[in-house]
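Have a look at the structure below, then the notes.
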Amino acid sequence: MWKDADKPDQSQTLLIDSPNVQASDLTEQEKKDLYAMPTITKKEIRQMNSYFKPYIFYHKTGKNETECFCTACNRSYTAYSTLHHKTMEICPYCHTTATAAAAGYSQKDKTETINFVIFKKHRTKDIVYAICLNAGKRYNGDYRNWYNKIRIYGNDFFRQPDLECDLIKMYVFKPGECNVYRRQYTYYGNKIEWIYTKVKKKIPQAFSATKYKPADKIVLNRELLLKTHLKYYAKALPFTTSEHLVEWLNLCSLYPIAEIAVKSKSETIQRIVLNKICYDMSHRDIVNWKAKKPKEFLKISLNELRDFEKSATRTYSLNTLEVYAQHKKKGEKLSFDICQFEVVLKESSLFNLIKNYIDIKKLWEYRRRQQKNKTWRGERTYLDYLHHAQMCGYDLTQKNILYPRDIQQAHDDAVANWQIVKAEEQKKEAEKEALKYGYPERYEKLCKKYAFEYGDLMIVVPRSASEIIDEGRILQHCVGGYASRHIQGRTTILFLRHISEPDKPYYTIEVDEKEKHIVQCHGFMNEWKSKKADEVKAFEKEFAKFIKNPKKYKAERKSEEQCRKSA
């Protein structure tokens, strides 16, 4: 039979063990605070148990008898009816509607864990403890066996299906002070000992959480706070931090100004507090956490804060406030709209390259004029224009270059000029590379090897890498990137031209000299909007035969011509 909750159970008295502080670097007072930590009561254990999904495990013992065990109240009883798997049953003791499950089998799919925060109060002193537990229930094993043991922390307990609790952190709140401890295990000889160490981070998370979704937690004994020095902090809890009660109390204990500041009901202040609690973002340029008066908390006046909240419409509004505070510190007074515009510019990686040329006030006025003329296409276009202008060697100190009349036209011209400059640089590098790899000699060999004509088309060998780059630019395909490989002899690029126009780009061919076949043959834009010409297809077919075996192909062509003449 299963054990009942009324019987003595060792596991329910050892949920929170006595701390071992021998190996901890704690002060004597901190050790006393730890030793005075209240234990978890059976009432609180039942409360935690009520949050788990209830099950009634059953085992048929007779023809009309079924032995049952309810996980909601941990009691066993005998049912004089047949139970069925996954049906809903009602416990006669606690009257809980639970899911029936056959006992004696592994129930891994029913394993469940929940995070709990339990508030406890010192017996005599005004000290509040927040015990952060990770509680779980495992339904593995055969519950019909009274001696079914599992090993927890090196000790044997009759734990199933009782709670298995792991203490994650413990907060100790005193007036004007908060210490956070973490429980860790260490080895003394062959035995595992649990020690408590102090968390150095001022406002640590109670449980591990992702950046975007905090770990869910259930709070017990919250009403206890109303009888302690934390009652004002608990009442002033911002609505955005309701699931971060422990961290909020920690923040207020270290910086009491936070409780006073959030009473202003400013969304900006609440966002600052939430960032401090969840992500440890202090926003030092905006606020003074050690302030004693509300007007000293924000480094701007309340009127400025109201103006800011009216203009802030983007998610990075706190960054805008930081930029405003930085300019104010320098003696520069900018509007919040201009500061928000600066934040948008800083989001681009190009901003750092040209920030020395920009005056944010003048740029703001220039942007306003461009928007009025309907030529402004966004901050990205302007930054991209300055970046290309800088690479082309423009003098950005000149006003007409820094603030052109039509930004879109200036951007297009700068990009076009940069492409020309880049093409010239590529040509110079290609000429150096050609001399390095002895391309002039290879050029003569390729001309002899691939001297081929068919119909109105012929093969032309590129004289240099710059010709390949120009071919790719005119035909708008990617052969320009093959120039270096062609010069080095790693591939072979050939031009397909009309015999009447040998200098006009028509199609481009890549040949694999080792395998002796055509890799690819493409014309304008890789024939994206057109089909390959029939004359090109016919030429490809004949040229493929030629490069496979030039002597055989020439002999066949010669015999065909002789047959034609004789006919």
Q: Give segment 531-548 a look and list any residue that's open to solvent by 70 Å² or more (accessible area, probe 1.4 Å) and within 53 Å of the chain's Cα centre (by Cα), or say none.
A: Lys531, Asp534, Lys537, Lys541
(Q) For segment 323-356, give me the residue count where each residue is farther than 28 Å from Ala389 by Cβ and open to solvent by less than 40 Å² (accessible area, probe 1.4 Å). (A) 3
Q) So which residues in segment 68-88 are in a strand (DSSP E or B) and either of a type in the set (Lys, Arg) or more than 16 Å from Tyr139 (Cβ to Cβ) (or both)? A) Arg75, Tyr77, Thr78, Ala79, Met88
Q.
Condition check: surrounded by fewer than 17 Cβ atoms within 10 Å (Cβ to Cβ), under 16 Å from Ala414 (Cα atoms) and free of Cβ contacts under 8 Å to residues at least 12 places away in the same chain. Does Asp359 satisfy that?
A. no
Q: Select from segment 252-294 the residues that are touching a helix residue (DSSP H, G or I) at 6+ places or on another chain (Cβ under 9 Å) and in contact (Cβ under 8 Å) with a residue 60 or more places away in the chain and write down the one among them that is most open to solvent (accessible area, probe 1.4 Å).
A: Pro256
Q: Just need a number here: residues in segment 89-123 that are open to solvent by 70 Å² or more (accessible area, probe 1.4 Å) and not in a strand (DSSP E or B).
A: 8
Q) Do any helices (runs of 4 or more DSSP H) lying entirely in segment 168-286 carry at least 3 residues that are within 23 Å of the chain's Cα centre (by Cα), and which ones are they? A) 267-279
Q.
If I filter segment 453-465 for residues that are of a type in the set (S, T, N, Q) and either modelled with pLDDT of 90 or more or within 30 Å of Lys558 (Cβ to Cβ) (or both), do I get at least one hit?
A. no
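The values are calculated or read from the model by the stated rules, or taken from the named source; none is laboratory data. Keep in mind the model is a prediction, meaning the values are calculated, not measured. Don't worry about glycine lacking a Cβ; one is built from the backbone with ideal geometry, like all the others, and counts go over all protein chains shown. Areas reflect the complete protein model, heavy atoms only, side chains present, ligands, DNA and RNA absent. Shrake-Rupley method; radii C 1.70, N 1.55, O 1.52, S 1.80 Å.
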